[in-house]
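Chemist: Have a look at this one before I ask anything.
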Amino acid sequence: MNIAAHLERTGRSAGQRTAIAAGERPLVSYAELLDRVRRLAGGLVAELGLKPGDRVALAMRNCPEYLQVLYACWQAGLVAVPVNAKLHGREFAFIIGNSGATACFTTPDLTDTIASASAADRLTQVETGSDHFRHLSSADPLPLADTLPDDPAWLFYTSGTTGQPKGAVLSHRNLLAMSLCYFADVDATSPWRAILHAAPMSHGSGLYALPHVMQGSCHVIPDSTGFDVAEIFGLIERWPHCVFFAAPTMVRRLLDHEADTDTANLKSILYGGGPMYVDDCIAALERFGPKLAQLYGQGESPMTITALSRAMHGDRTHPRWRERLASVGIPQSVVDVRVADSDDRILPPGETGEVLVRGDSVMRGYWQRPEATAETLRNGWLHTGDFGCFDEDGFLTLKDRANDLIISGGTNIYPREVEEVLVGHADVSEASVIGTADREWGERVVAYVVLRPGAVADPQALDRFCLENIARFKRPRDYRFIEALPKNNYGKVLKTALRDMESARKSD
């Protein structure tokens, strides 16, 4: 089994269909995409000397070449390592080094960052649109590699409780299971004509590219590098039966757009990556019609734990309709999901515990992290670190997240990572980071800081320091300077007390 076999099939059976568009402009047919993928795969093997199982990093913003590079890796039996384009140079360097990637494809805006962050003596860097890229893409075509279902296909890097990123090893089987669940549980209504990549292709939008390749959809890449609301509405008008994946904050921005827009072409908005306010969900249903579908997953079980379908969103006659909108839906078809106590004993409906998952979408483990793998995949179940409860109808509602994970704008932020940066500043003695509710972003990062004796509170200086060391989206939006952090008898910081302090500030 090779996940790239789906492109081989679509390229032959529906080769005339448009595969990739830049904004409103069709660019590449599926037959042309298949040929480009085969040739780039040939270049990776013949020119770069890569062998099956080697890792290739994709430090790329959304661009027309993204799918070509991704599928060329699989065509050659390589392992793709898509990297969030918003990361800091040090974070790029860690992921490239940890994965052992020997080649890295970049978009022009990230070329210098990767060059300065990585070991140039071992990393072959290829910029999209360059002569080098064109040369690799003109090699003799390579036949589809013969891979096994459990061979690694995608290293999905997700931060851990220590702040050090971990690479979830996603196999060809995992990606196939996710793709089939897309049609069975998330977006079951046909036809599939166009997917608009409004969110990063290194994450959810790129993962959902796979089922759309299976169905021969057009992959529409916006011209803007950011989320331009006016452009998104324009592309919806241009492309019939259009679907896209969005974080809740993106949906909120669409709702805030006051211009008169035609969304008749909109087929589905698939949202996930964080909680959506029920009022926002209802407002989106009223604005767009019953076109919302929610998914709950994580890198360790990509996009595939539970789903709340379009039909469930639209069933206003159900007596618990609002409660269901506040849930994350029911388990998807390829997984078993349970809520359990600390001893992994199943809890009855209504009781809160950790969400556990097993099935064909669950990762093989963490890349070169056997201890973390053993801890997370205990007793044959993925321990998600998320806490929730089932109701009597089998709908899962998330209550809290273990390890104090913050989700802002659909992106995971781990407090320990930010704290470690803050305490590296000469004026900071201690720091503790929490998330607080934010209507636009879902959550915002708040840092409680204890200064060293004689130091003066200077939020701007701390902000500059964070920007020098971590990605912009991870930095605190607010700083609270206090005399001492609340701690228990064992010296552990009581983040519940900090959250209570933050709530009290808001109520004043």
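The values are calculated or read from the model by the stated rules, or taken from the named source; none is laboratory data. Model, not experiment: these values are computed from the prediction. With ideal geometry, Cβ positions are generated from the backbone for all residues, glycine too; neighbour counts draw on all protein chains shown. Please note that ligands, DNA and RNA were not included when accessible areas were found on the heavy atoms of the full protein model with its side chains. Shrake-Rupley method; radii C 1.70, N 1.55, O 1.52, S 1.80 Å.
Chemist: Name the residue, out of R55, R9, R25, that is of a type in the set (K, R), at pLDDT 95 or above and under 29 Å from T102 (Cα atoms).
Modeler: R55
Chemist: Among the residues of region 432-454, how many are free of Cβ contacts under 8 Å to residues at least 40 places away in the same chain and closer than 21 Å to R505 by Cβ?
Modeler: The number of residues fulfilling the criteria is 9.
Chemist: Taking region 1-33 as the search range and keeping residues that are outside any helix (DSSP H, G or I) and among the basic types (K, R), which one is surrounded by the fewest Cβ atoms within 10 Å (Cβ to Cβ)?
Modeler: Filtering first and then ranking leaves R25.
Chemist: While we're looking at this one, here's another question. What are the residue pairs meeting all of these: first residue in region 323-334, first residue crowded, with 23+ Cβ neighbours inside 10 Å, second residue of a type in the set (D, E) and at pLDDT 95 or above, Cβ atoms under 6 Å, and 6 or more apart or on different chains?
Modeler: Hits for this filter: Q332/D185.
Chemist: If I ask for residues that are buried (at least 24 other Cβ atoms within 10 Å of the Cβ) and out of contact with any helix residue (DSSP H, G or I) (no Cβ under 8 Å at 6 or more places or on another chain), which ones from region 178-202 would you list?
Modeler: Selection gives C181, V186, S202.
Chemist: A further question on this structure: In region 244-252, is there at least one residue being of a type in the set (D, E, K, R) and farther than 19 Å from T411 by Cβ?
Modeler: Within region 244-252, not a single residue is of a type in the set (D, E, K, R) and farther than 19 Å from T411 by Cβ.
Chemist: Taking region 409-430, which residues are within 30 Å of A455 (Cα to Cα), open to solvent by less than 30 Å² (accessible area, probe 1.4 Å) and within 25 Å of the chain's Cα centre (by Cα)?
Modeler: I413, Y414, P415, E417, V418, E419, V421
Chemist: Looking only at region 94-108, which residues are part of a helix (DSSP H, G or I), closer than 16 Å to S202 by Cα and in contact (Cβ under 8 Å) with a residue 40 or more places away in the chain?
Modeler: I95, S99, listed by residue number.
Chemist: Let me ask you something else. Restricting the search to region 454-487, which residues are of a type in the set (F, W, Y) and out of contact with any strand residue (DSSP E or B) (no Cβ under 7 Å at 6 or more places or on another chain)?
Modeler: F465
Chemist: Tell me whether region 268-275 contains one or more residues that are farther than 17 Å from L396 by Cα and either touching a residue at least 40 places away in the same chain (Cβ under 8 Å) or of a type in the set (D, E) (or both).
Modeler: Yes.
Chemist: Against the condition among the charged types (D, E, K, R), free of Cβ contacts under 8 Å to residues at least 24 places away in the same chain and open to solvent by 20 Å² or more (accessible area, probe 1.4 Å), how does D341 come out, does it pass?
Modeler: Considered against the rule, which asks whether it is among the charged types (D, E, K, R), free of Cβ contacts under 8 Å to residues at least 24 places away in the same chain and open to solvent by 20 Å² or more (accessible area, probe 1.4 Å), D341 comes out as yes.
Chemist: Out of (1) assigned to a helix (DSSP H, G or I); (2) charged (D, E, K, R); (3) within 21 Å of the chain's Cα centre (by Cα), what's the single condition that is false for R36?
Modeler: Of (1) assigned to a helix (DSSP H, G or I); (2) charged (D, E, K, R); (3) within 21 Å of the chain's Cα centre (by Cα), only one is false for R36: (3).
Chemist: Further question: Only one of these conditions is not met by L398: (1) within 23 Å of the chain's Cα centre (by Cα); (2) over 23 Å from V251 (Cα atoms). Which number is it?
Modeler: For L398, the failing item is (2).
Chemist: Ok, one more. Among residues belonging to region 346-376 that are free of Cβ contacts under 8 Å to residues at least 40 places away in the same chain and in contact with a Phe, Trp or Tyr (Cβ under 9 Å, 6 or more places away or on another chain), point out the one that is nearest to Y296 (Cα to Cα).
Modeler: L356
Chemist: Would you point out which residue out of G454, G394 is in contact with a Pro (Cβ under 8 Å, 6 or more places away or on another chain), part of a loop (DSSP other than H, G, I, E, B) and not acidic (D, E)?
Modeler: G394 is the lone residue from the list that is in contact with a Pro (Cβ under 8 Å, 6 or more places away or on another chain), part of a loop (DSSP other than H, G, I, E, B) and not acidic (D, E).
Each row is one residue, and each column tells you yes or no for (1) open to solvent by 60 Å² or more (accessible area, probe 1.4 Å); (2) polar (S, T, N, Q); (3) in a helix (DSSP H, G or I).
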position: S361; (1), (2), (3): no, yes, no
position: E371; (1), (2), (3): yes, no, yes
position: A374; (1), (2), (3): yes, no, yes
position: S432; (1), (2), (3): no, yes, no
position: A437; (1), (2), (3): yes, no, no
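Chemist: Just checking, does region 455-462 include any residue being crowded, with 17+ Cβ neighbours inside 10 Å and either free of Cβ contacts under 8 Å to residues at least 60 places away in the same chain or of a type in the set (F, W, Y) (or both)?
Modeler: Within region 455-462, one or more residues are crowded, with 17+ Cβ neighbours inside 10 Å and either free of Cβ contacts under 8 Å to residues at least 60 places away in the same chain or of a type in the set (F, W, Y) (or both).
Chemist: Condition check: more than 24 Å from A247 (Cβ to Cβ), at pLDDT 95 or above and either buried (at least 19 other Cβ atoms within 10 Å of the Cβ) or of a type outside the set (F, W, Y) (or both). Does V449 satisfy that?
Modeler: Against the criterion (more than 24 Å from A247 (Cβ to Cβ), at pLDDT 95 or above and either buried (at least 19 other Cβ atoms within 10 Å of the Cβ) or of a type outside the set (F, W, Y) (or both)), V449 qualifies.
So that you can scan it fast, the table gives a plain yes or no per residue for (1) modelled with pLDDT of 95 or more; (2) over 18 Å from A19 (Cα atoms):
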| site | (1), (2) |
| --- | --- |
| L207 | yes, no |
| P211 | yes, no |
| M214 | yes, no |
| P222 | yes, no |
| T225 | no, yes |
| V229 | yes, yes |
| L235 | yes, no |
| W239 | yes, no |
| C242 | yes, no |
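Chemist: Can you name the number of the only condition in (1) under 24 Å from T317 (Cα atoms); (2) touching a Pro at 6+ places or on another chain (Cβ under 6 Å) that K291 fails?
Modeler: Of everything listed in (1) under 24 Å from T317 (Cα atoms); (2) touching a Pro at 6+ places or on another chain (Cβ under 6 Å), K291 misses just condition (2).
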